[in-house]
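Below is one structure; the comments refer to it alone.
The values are calculated or read from the model by the stated rules, or taken from the named source; none is laboratory data. Everything quoted here is computed from the prediction, not taken from an experiment. When we count neighbours, we look across all protein chains shown, and the Cβ atoms used for this are built from the backbone with ideal geometry, even at glycine.
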Amino acid sequence: MENKKNIRYIKTNIIEHDVIVHIWIYTPLTKVECDVFELLVKGYKIANVAQYRARSLKTVSSQKHQVYKKLGIRNDVTFWIDIILSHHMRIVFCRNGKVIDTEKELLRMFDSH
(Lines give C-alpha, C1' and ligand atoms only; values in the text may rest on other atoms or scores of the structure.)
Protein backbone atom coordinates (compact mmCIF):
# COMPACT_ATOMS: atom_id res chain seq x y z
CA MET A 1 0.00 0.00 0.00
CA GLU A 2 1.29 3.48 -0.87
CA ASN A 3 0.19 6.95 0.16
CA LYS A 4 0.92 9.76 -2.33
CA LYS A 5 -0.89 13.08 -2.00
CA ASN A 6 -3.63 11.47 0.11
CA ILE A 7 -4.27 8.76 -2.49
CA ARG A 8 -3.99 5.27 -1.04
CA TYR A 9 -3.10 2.42 -3.35
CA ILE A 10 -3.91 -1.21 -2.57
CA LYS A 11 -2.85 -4.16 -4.68
CA THR A 12 -4.21 -7.46 -3.47
CA ASN A 13 -4.93 -10.95 -4.73
CA ILE A 14 -8.35 -12.57 -4.51
CA ILE A 15 -7.20 -16.18 -4.69
CA GLU A 16 -10.66 -17.74 -5.09
CA HIS A 17 -11.11 -15.94 -8.41
CA ASP A 18 -7.46 -15.81 -9.52
CA VAL A 19 -7.74 -12.02 -9.73
CA ILE A 20 -5.38 -9.20 -8.80
CA VAL A 21 -7.25 -6.10 -7.63
CA HIS A 22 -5.77 -2.61 -7.88
CA ILE A 23 -7.58 0.05 -5.86
CA TRP A 24 -6.80 3.76 -5.69
CA ILE A 25 -8.64 5.41 -2.79
CA TYR A 26 -9.15 9.18 -2.98
CA THR A 27 -10.93 9.59 0.36
CA PRO A 28 -8.53 9.87 3.30
CA LEU A 29 -8.30 6.64 5.28
CA THR A 30 -5.93 5.96 8.13
CA LYS A 31 -3.34 3.22 7.62
CA VAL A 32 -5.33 0.94 9.95
CA GLU A 33 -8.57 1.60 8.04
CA CYS A 34 -6.78 0.89 4.77
CA ASP A 35 -5.36 -2.37 6.17
CA VAL A 36 -8.82 -3.44 7.37
CA PHE A 37 -10.34 -2.51 4.00
CA GLU A 38 -7.72 -4.59 2.16
CA LEU A 39 -8.61 -7.65 4.25
CA LEU A 40 -12.33 -7.07 3.60
CA VAL A 41 -11.60 -6.88 -0.14
CA LYS A 42 -9.83 -10.24 0.17
CA GLY A 43 -13.06 -11.64 1.63
CA TYR A 44 -12.08 -11.82 5.30
CA LYS A 45 -14.94 -11.81 7.79
CA ILE A 46 -14.77 -9.55 10.85
CA ALA A 47 -13.71 -12.44 13.09
CA ASN A 48 -10.86 -13.29 10.68
CA VAL A 49 -9.74 -9.66 10.53
CA ALA A 50 -9.80 -9.43 14.34
CA GLN A 51 -7.77 -12.60 14.69
CA TYR A 52 -5.30 -11.62 11.94
CA ARG A 53 -4.78 -8.15 13.43
CA ALA A 54 -4.90 -9.35 17.06
CA ARG A 55 -7.71 -6.94 17.90
CA SER A 56 -11.12 -7.36 19.49
CA LEU A 57 -14.23 -7.91 17.39
CA LYS A 58 -15.59 -4.63 18.72
CA THR A 59 -12.49 -2.71 17.59
CA VAL A 60 -12.49 -4.22 14.10
CA SER A 61 -16.25 -3.75 13.77
CA SER A 62 -15.81 -0.07 14.59
CA GLN A 63 -12.95 0.25 12.08
CA LYS A 64 -15.06 -1.46 9.41
CA HIS A 65 -17.96 0.91 10.15
CA GLN A 66 -15.63 3.91 9.71
CA VAL A 67 -14.29 2.55 6.40
CA TYR A 68 -17.82 1.92 5.10
CA LYS A 69 -18.92 5.40 6.17
CA LYS A 70 -15.93 7.15 4.55
CA LEU A 71 -16.16 5.17 1.31
CA GLY A 72 -19.95 5.21 0.98
CA ILE A 73 -20.32 1.45 1.32
CA ARG A 74 -23.86 0.84 2.52
CA ASN A 75 -23.54 -2.72 3.84
CA ASP A 76 -21.96 -6.14 3.23
CA VAL A 77 -24.52 -7.04 0.56
CA THR A 78 -23.75 -3.93 -1.51
CA PHE A 79 -19.98 -4.03 -0.77
CA TRP A 80 -18.71 -4.74 -4.30
CA ILE A 81 -21.32 -2.73 -6.19
CA ASP A 82 -20.62 0.29 -3.95
CA ILE A 83 -16.88 -0.09 -4.53
CA ILE A 84 -17.19 -0.47 -8.30
CA LEU A 85 -19.54 2.53 -8.63
CA SER A 86 -17.83 4.70 -6.00
CA HIS A 87 -16.45 8.14 -6.76
CA HIS A 88 -14.21 7.65 -3.69
CA MET A 89 -11.97 5.15 -5.49
CA ARG A 90 -10.88 3.61 -8.77
CA ILE A 91 -10.71 -0.17 -9.07
CA VAL A 92 -9.14 -2.38 -11.73
CA PHE A 93 -9.30 -6.18 -11.84
CA CYS A 94 -6.57 -8.16 -13.64
CA ARG A 95 -6.18 -11.82 -14.53
CA ASN A 96 -3.08 -13.29 -16.18
CA GLY A 97 -1.61 -9.79 -16.49
CA LYS A 98 -4.58 -8.42 -18.44
CA VAL A 99 -7.24 -5.96 -17.32
CA ILE A 100 -10.63 -7.60 -16.98
CA ASP A 101 -13.50 -5.84 -18.72
CA THR A 102 -15.84 -5.97 -15.72
CA GLU A 103 -18.88 -4.86 -17.72
CA LYS A 104 -18.39 -7.71 -20.20
CA GLU A 105 -17.80 -10.20 -17.36
CA LEU A 106 -20.99 -9.13 -15.57
CA LEU A 107 -23.06 -9.32 -18.75
CA ARG A 108 -21.68 -12.79 -19.46
CA MET A 109 -22.61 -13.91 -15.93
CA PHE A 110 -26.18 -12.66 -16.35
CA ASP A 111 -26.51 -14.14 -19.84
CA SER A 112 -25.52 -17.58 -18.55
CA HIS A 113 -28.43 -17.65 -16.08
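Among residues of the stretch 22-36 that are farther than 16 Å from residue 82 by Cβ and touching a residue at least 12 places away in the same chain (Cβ under 8 Å), none has a Cβ under 8 angstrom from a residue that is among the small types (Gly, Ala, Ser) and surrounded by fewer than 16 Cβ atoms within 10 Å (Cβ to Cβ) at a sequence gap of 6+ or on a separate chain.
Scanning the stretch 1-46 for residues that are of a type in the set (Val, Ile, Thr) and in a helix (DSSP H, G or I) yields 15, 32, 36, 41, 46. The requirement of being in contact with a strand residue (DSSP E or B) (Cβ under 9 Å, 6 or more places away or on another chain) and either within 22 Å of residue 103 (Cβ to Cβ) or of a type in the set (S, T, N, Q) (or both) is not satisfied by residue 73. Residue count for the stretch 36-66 satisfying the condition of being closer than 19 Å to residue 12 by Cβ and over 10 Å from the mean Cα position of the chain (by Cα): 12. Scanning the stretch 76-88 turns up no residue that is over 18 Å from residue 8 (Cα atoms), assigned to a strand (DSSP E or B) and hydrophobic (A, V, I, L, M, F, W, C). Criterion applied to 92, 49, 60, 67 was being hydrophobic (A, V, I, L, M, F, W, C) and outside any helix (DSSP H, G or I), and the one residue passing it is 92. A residue that is modelled with pLDDT of 90 or more, loosely packed, with under 13 Cβ neighbours inside 10 Å, within 17 Å of residue 43 (Cα to Cα) and of a type outside the set (Phe, Trp, Tyr) occurs somewhere in the stretch 58-68. Of the listed requirements (1) within 17 Å of residue 23 (Cα to Cα); (2) under 12 Å from the mean Cα position of the chain (by Cα), residue 76 misses just one: (1).
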